[in-house]
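Comments concern the structure below.
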Amino acid sequence: MLWLKTVGDGEAQGYVKEVFEQYRSRNGAVPNLHRVLANRPEVLKGRETLRNATTGGVTTLGRRREELLNFFGAAAGGCTG
């Protein structure tokens, strides 16, 4: 159970609603991290801008190296599945 305030589907408006719809169409659900960040749409937008600039094969590293760097970065930060 989350103790942070999250934004529900019915509360999402504007940019937040667009992001939620994109995640739902790609993954079938909206990650809880994004529901928390949606409390501050400018923070959610910054996170999405960073993600779009560094993943999906858009850098000169290529998709595999991007994913490896993301994995090791998450592991070094103590993130778990």
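The values are calculated or read from the model by the stated rules, or taken from the named source; none is laboratory data. Model, not experiment: these values are computed from the prediction. Positions of Cβ are backbone-derived with ideal geometry, glycine not excepted, and every protein chain shown enters the neighbour counts.
Hey, can you tell me all the residues within region 41-71 that are among the polar types (S, T, N, Q) and not in a loop (DSSP other than H, G, I, E, B)?
Residues satisfying the conditions are THR49, ASN52, THR54, ASN70.
So which of TYR23, TYR15 is surrounded by 14 or more Cβ atoms within 10 Å (Cβ to Cβ) and modelled with pLDDT of 95 or more?
Selected residue: TYR15, the only one of TYR23, TYR15 that is surrounded by 14 or more Cβ atoms within 10 Å (Cβ to Cβ) and modelled with pLDDT of 95 or more.
Which of the residues spanning region 26-40 are closer than 13 Å to GLY8 by Cα and either part of a helix (DSSP H, G or I) or modelled with pLDDT of 95 or more (or both)?
ASN32, LEU33, HIS34, ARG35, VAL36, LEU37, ALA38, ASN39
Checking LYS5 against (1) in a loop (DSSP other than H, G, I, E, B); (2) out of contact with any helix residue (DSSP H, G or I) (no Cβ under 9 Å at 6 or more places or on another chain); (3) of a type in the set (Lys, Arg), which test does it fail?
The failed condition is (2).
Within region 26-54, how many residues turn out to be crowded, with 16+ Cβ neighbours inside 10 Å and touching a residue at least 24 places away in the same chain (Cβ under 8 Å)?
6
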